[in-house]
Amino acid sequence: MKRAVVILVLVLAALAPMRAQAQLRQQDLVDRATLTVQGMMAAREGRDAISLMRRARGVLVCPQVFKAGFVFGGQGGNCVLAGRGPSGWSNPAFYDLSAASFGAQVGLQDSQVLFIILTDRGLQAIIDDQFKFGADAGLAFATFGTGVSGSTTGALKADVVAFARSRGLFAGLSVDGSLITVKSDWNAAYYGQAIAAQQLVIQNEGNNPGAAPLREMLARFSGSVAPPANGAPSPAAPAYGTPAPNAPVSSAPLPGH
């Protein structure tokens, strides 16, 4: 019996560094997401983003989305999703963004993308195990920033607004048709247990102290708690530096509207 206990202790001790190593990738993504939020709020589109953040029900932050193509193309990256409720911003859930395309294309592009989710239905749609931008005609989607294209409508009427900064040889980043998929294994690794995105983002369960800087950054630019669902005025956001003038907004009707 004692021998079995000793073996168990040795096995757990051997697994501990492996678990810590596994969390490094998730923590690196959370840290880069924090820097992405900070950087984009200080960029050209920062004023628009901060204004919308005061109404936000959630955010999806993708610190690095690569797009590459030579006839066949694709884009992808890892993202974190956080929700905003009565007690403030939730711990993040992990997601993957991916898309494939075919046609006349060649180049390489590196983008940072921030999706500001303005409605409960928009947040719930993205929380689902898989969500495809542009596939739900009931959701309105808008885009701001440099090098961005996609199905758009007025930002004030949108469920989800995307802000992006892009570098590379492509003319622009298209998020229409992109698939968002939950990374359940990353959630389990980061929180030390199997936990659903719904539990993290909506029910505010699960906790990792490493996510505190991201939550604080989101609170800094939005106010700490979610605005009332009945449309009452949002809580005042904390003071911040004056951003540069607004970025251009692309505008076109959604398919079927």
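Give the residues of segment 44-64 that are more than 11 Å from Ser222 (Cα to Cα), assigned to a loop (DSSP other than H, G, I, E, B) and either in contact with a strand residue (DSSP E or B) (Cβ under 6 Å, 6 or more places away or on another chain) or among the hydroxyl-bearing types (Ser, Thr, Tyr) (or both), sorted by residue number.
Glu45
Between Val5, Val37, which is part of a helix (DSSP H, G or I) and at pLDDT 50 or above?
Values: Val5 fails: at pLDDT 50 or above.
After applying the criteria, what remains is Val37.
Whether any residue in segment 122-145 is modelled with pLDDT under 60, farther than 17 Å from Ser98 by Cβ, touching a strand residue (DSSP E or B) at 6+ places or on another chain (Cβ under 9 Å) and outside any helix (DSSP H, G or I) is what I want to check.
Among the residues of segment 122-145, at least one is modelled with pLDDT under 60, farther than 17 Å from Ser98 by Cβ, touching a strand residue (DSSP E or B) at 6+ places or on another chain (Cβ under 9 Å) and outside any helix (DSSP H, G or I), which makes the answer yes.
Scanning segment 102-121 for residues that are in contact with a Leu (Cβ under 6 Å, 6 or more places away or on another chain) and surrounded by 23 or more Cβ atoms within 10 Å (Cβ to Cβ), which turns out modelled with the lowest pLDDT?
Ser111
The values are calculated or read from the model by the stated rules, or taken from the named source; none is laboratory data. Not measured: the values here are computed from a predicted model. A quick note on method: Cβ atoms are made from the backbone with ideal geometry, for glycine too, and the neighbour counts reach across all protein chains shown.
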